[in-house]
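Working notes for the structure below.
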Amino acid sequence: MTYPPGQDPYGQQQPYGQQPYHDPYQVSGAPASPANPYGQQYQQPYQGYPPQNMGTNTMAILALVFAFVFAPLAIVFGHMAKKQIKETGEQGEGLATAGLVMGYIFTGIWVLTCGFYVFVIAILGSASTSSTY
């Protein structure tokens, strides 16, 4: 479909000096292109303004930060962030997941280390209470 000179497909006047709108998928006797394999002319409907970028969820950022500072809090923030992202559509799903996974890993390492120390102290304590005199 061709448009009158100086107008785009939506009927708006082009500013002085600009070329009129050219549809890259318009076929005028040319063979079919990879982008338009059947040689058909089509136009996508106007979608309006692009969706606004909601930004990154703050809880997701905190989950990743607290994974290195205090891991159990990263788990809490990670779950809260995933819930908020699902409800609001914000970005940061990957940050929340990374904070959550690292929070679980670091918390597990911390629990195992504390358990090891308790075990060592219990062994040393029992060894020192047995005397031979």
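Read-outs throughout are calculated quantities, based only on the coordinates presented, and are distinct from any laboratory measurement. Keep in mind that this is a model prediction, so the values were computed, not measured. In this analysis, Cβ positions are derived from the backbone assuming ideal geometry, glycine residues included, and neighbour counts consider all displayed protein chains.
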Backbone HN-Hα couplings from phi across the range 74-84 [Karplus 6.51/-1.76/1.60, Hz, Gly and Pro as x]: 5, 5, 5, 5, x, 5, 5, 5, 4, 5, 5
Relative intensity, log₁₀ I(q)/I(0), of the range 58-125 from a Debye sum that treats every alpha carbon as a point, q = 0.24, 0.27 Å⁻¹: -0.84, -0.97
Amide H contacts under 5 Å for residue 70, placed H, 5+ residues apart: none
Highest average packing first - 60-70, 102-112, 117-127, Cβ atoms within 10 Å: 60-70, 102-112, 117-127
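If you stretched the chain out fully between residue 116 and residue 91, how much longer would it get, using 0.36 nm times the residue separation minus the C-alpha to C-alpha distance? All intermediate terms of the calculation are to be shown ahead of the outcome.
Numbers: separation 25, 0.36 × 25 = 9.00 nm, distance 3.95 nm.
Extra length from residue 116 to residue 91 when fully extended: 5.0 nm.
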